[in-house]
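Only one structure is covered here, and it is reproduced in the block below.
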Amino acid sequence: MVAAAAVLALAAACSPRFDWREHRQPEAGYVVALPDRPQTTVREIAFAHPGGPVRAEMTMLSTGVGASLFAVGSVRLPPFAVDSPAALDATLAWFRDGLLRNVQANEAAPGDDGKPAGLGARTLRAAQSFSAAGTTGSGRPARLAVRLYVVDDRLFQLVALGAEGEIPPQALETFFDSFRLTP
């Protein structure tokens, strides 16, 4: 009996605790729930696009809990990167392929694309959802779950990454379903 209680206490201590809190990003125009206090970073992205070179600043709001990472990136794209289905495909491919490389995955399983809440009069130009199995930087098996939205000229990248089995389905649902656009 005592041994069973000790095992349960140890398992509870090793499990990440998701303390969801709503975070607003008025400059980027969204609200999302994250399981801990996030940090904000800005980084320059640059890539070759069929319409011309893309250089832009991506703002990332991210937090880690245990072996898990939750992040939302937003970037304003040049018109040529979103003005046609072919341009959108090339833009989404660059972001998707980069995320897959980060976890050393070759394939992505498509998910439910849906659309973000709070769209209003804005134009949803593209939505893409996928997951992949890969490895973390330390070589542990990992799961990646992603949603990409292009709304007007802005791309939103929602990413959940964790060691295999570390992010329960309810946590993914809470994270992705909490994302909504604001006026």
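So that you can scan it fast, the table gives a plain yes or no per residue for (1) more than 15 Å from the chain's Cα centre (by Cα); (2) surrounded by 17 or more Cβ atoms within 10 Å (Cβ to Cβ):
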{"residue": "19", "(1), (2)": "yes, no"}
{"residue": "24", "(1), (2)": "yes, no"}
{"residue": "39", "(1), (2)": "no, no"}
{"residue": "45", "(1), (2)": "yes, no"}
{"residue": "50", "(1), (2)": "yes, no"}
{"residue": "68", "(1), (2)": "no, yes"}
{"residue": "71", "(1), (2)": "no, yes"}
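For the list (1) surrounded by fewer than 20 Cβ atoms within 10 Å (Cβ to Cβ); (2) part of a loop (DSSP other than H, G, I, E, B), I need the number of the one condition that residue 167 fails.
(1)
Based on what the data block shows, is residue 90 in contact with a Leu (Cβ under 6 Å, 6 or more places away or on another chain), within 28 Å of residue 49 (Cβ to Cβ) and surrounded by 14 or more Cβ atoms within 10 Å (Cβ to Cβ)?
Taking the combined requirement at face value, the residue does not satisfy it.
Which of the residues that make up segment 131-148 are within 28 Å of residue 81 (Cα to Cα) and open to solvent by 10 Å² or more (accessible area, probe 1.4 Å)?
If the condition is that a residue be within 28 Å of residue 81 (Cα to Cα) and open to solvent by 10 Å² or more (accessible area, probe 1.4 Å), then 131, 145, 147 are the ones that fit.
The rows are residues; the columns are (1) under 16 Å from residue 128 (Cβ atoms); (2) in contact with a helix residue (DSSP H, G or I) (Cβ under 6 Å, 6 or more places away or on another chain); (3) of a type in the set (D, E, K, R).
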| position | (1), (2), (3) |
| --- | --- |
| 49 | no, yes, no |
| 58 | no, no, no |
| 61 | no, no, no |
| 69 | no, no, no |
| 85 | yes, no, no |
| 93 | yes, no, no |
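Here is a yes/no grid of residues against (1) of a type outside the set (Lys, Arg); (2) outside any strand (DSSP E or B); (3) farther than 29 Å from residue 165 by Cβ:
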position	(1), (2), (3)
56	yes, no, yes
63	yes, no, no
75	yes, no, yes
86	yes, yes, yes
100	yes, yes, no
128	yes, no, no
144	yes, no, no
147	no, no, no
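Of all residues in segment 97-118, how many are farther than 15 Å from residue 176 by Cα, loosely packed, with under 15 Cβ neighbours inside 10 Å and in contact (Cβ under 8 Å) with a residue 24 or more places away in the chain?
2
The values are calculated or read from the model by the stated rules, or taken from the named source; none is laboratory data. What you see is a predicted model, and the numbers here were worked out from it, not measured in a lab. Counting neighbours? That spans all protein chains shown, and the Cβs are built from the backbone with ideal geometry, glycine included. Keep in mind that these areas ignore ligands, DNA and RNA; they rest on the heavy atoms of the full protein, side chains included. Shrake-Rupley method; radii C 1.70, N 1.55, O 1.52, S 1.80 Å.
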